[in-house]
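Right, one structure below, let's go through it.
The values are calculated or read from the model by the stated rules, or taken from the named source; none is laboratory data. Keep in mind the model is a prediction, meaning the values are calculated, not measured. Note that we place each Cβ from the backbone using ideal geometry, even for glycine, and neighbour counts take in every protein chain shown. Quick note on the areas: whole protein, heavy atoms, side chains included, nothing else; ligands and nucleic acids left out. Shrake-Rupley method; radii C 1.70, N 1.55, O 1.52, S 1.80 Å.
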Amino acid sequence: MESAIVIENLHRSFGKEEILHGISHEFETGKIHGIVGNNGSGKTVMMKCICGFLRPDDGRILVRDKEVGKDMDFPEDMGLIIETPGFLPGVSGLKNLKILASLRRIADEKKIRETMERVGLDPDLKKNVNKYSLGMRQRLGIAQAIMEDPDVIILDEPMNGLDNAGVREMRELFKSLRAQGKTIIMASHNREDIDELCDNVYEMDAGILTKVR
């Protein structure tokens, strides 16, 4: 089976504290990979290394056979939502996504509108993002992660702030993305999300990644 992401002997420390302890793993293409673990276990740090936001102290990460930090600073065909999505507060959701899309010019306005509707947002809503609820902000974050139709999607606690209906809608969305052949790595504290969505499940404990299912 082809691997979308290959991690080899990944180490990362902050000061004298080693956060990631020699992680080696391959994430298969076209599956949803769930990662569980306590806060501070290293989940988000590993995701930031995969995305190129943090550089490993040792080891390497390949995304689609290209090494992050060597062949590219950031993986090109990747969408992500890590920690709290940051948006310009004084403009609408549509305007925020149009500004982000202008950086790479992959998603046009039609695609952005379709994506907003796909995550349950009205693209014509004039309300500025600073008036959005937490759940609306989360939906907007998911929209920016998928609007450029990336092959690999990194989702750190993607259900944060969503009500029960929103959680059900996003679960169906992620299943549809998998059906399109996307590779998703998702960290979640919600066991139901992990059980319902994930093909493979891993536990991060004190910087060590172990497959549990």
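When the surface is traced with a 1.4 Å probe over the full set of protein chains, Thr44 keeps roughly 40 Å² accessible. Note on the chain: along the principal axes its Cα atoms extend 48, 36, 36 Å, ordered by decreasing extent. Considering only alpha-carbon pairs that sit under 8 angstrom and 6 or more positions apart, the relative contact order computed for the chain is 30 percent.
Within the chain, antiparallel bridges make up roughly 55 percent of the DSSP beta bridges whose residues both belong there.
Computed about its Cα centre, the charge dipole of the chain is approximately 740 debye, with only Lys, Arg, Asp and Glu carrying charge at their Cβ. As a rough guide to protection, the peptides 181-188, 129-136 ranked by mean Cβ packing within 10 Å, highest first, stand as 181-188, 129-136. From its DSSP helices (H runs of at least four residues, each -39,500 (n - 2.57)), the chain gives a residue-normalised ellipticity at 222 nm of -9000 deg cm²/dmol. Rolling a 1.4 Å probe over the protein heavy atoms gives the chain an accessible area of 49 Å² per residue. Here the average projected area of the convex hull drawn through the C-alpha atoms of the range 111-213 stands at 7.3 nm². Ranking Ile32, Pro89, Ala187 by Cα position along the charge dipole of the chain, where only Lys, Arg, Asp and Glu carry charges on their C-beta atoms, puts Pro89 farthest toward the positive end. Between the beta carbons of Asp77 and Arg171, assuming R0 = 25 Å, the FRET efficiency works out to 0.60 to the nearest 0.05.
Once you've got the Cα coordinates, tell me which of Lys70/Lys98; Lys70/Lys175; Lys111/Lys175; Lys31/Lys70; Lys98/Lys131; Lys66/Lys98 are over 22 Å apart.
Lys70/Lys98; Lys70/Lys175; Lys31/Lys70; Lys66/Lys98
Surface composition of the range 116-189: carbon and sulfur atoms hold 43% of the protein heavy-atom accessible area at a 1.4 Å probe. Given a 1.4 Å probe and the protein chains as shown, His189 ends up with an accessible area of around 110 Å². In summary, the aspartates and glutamates within cross-link reach of Lys95, defined as a Cα separation below 20 angstrom excluding same-chain residues under 8 places away, comprise Asp108, Glu109, Glu114, Glu117, Asp122, Asp124, Glu148, Asp149.
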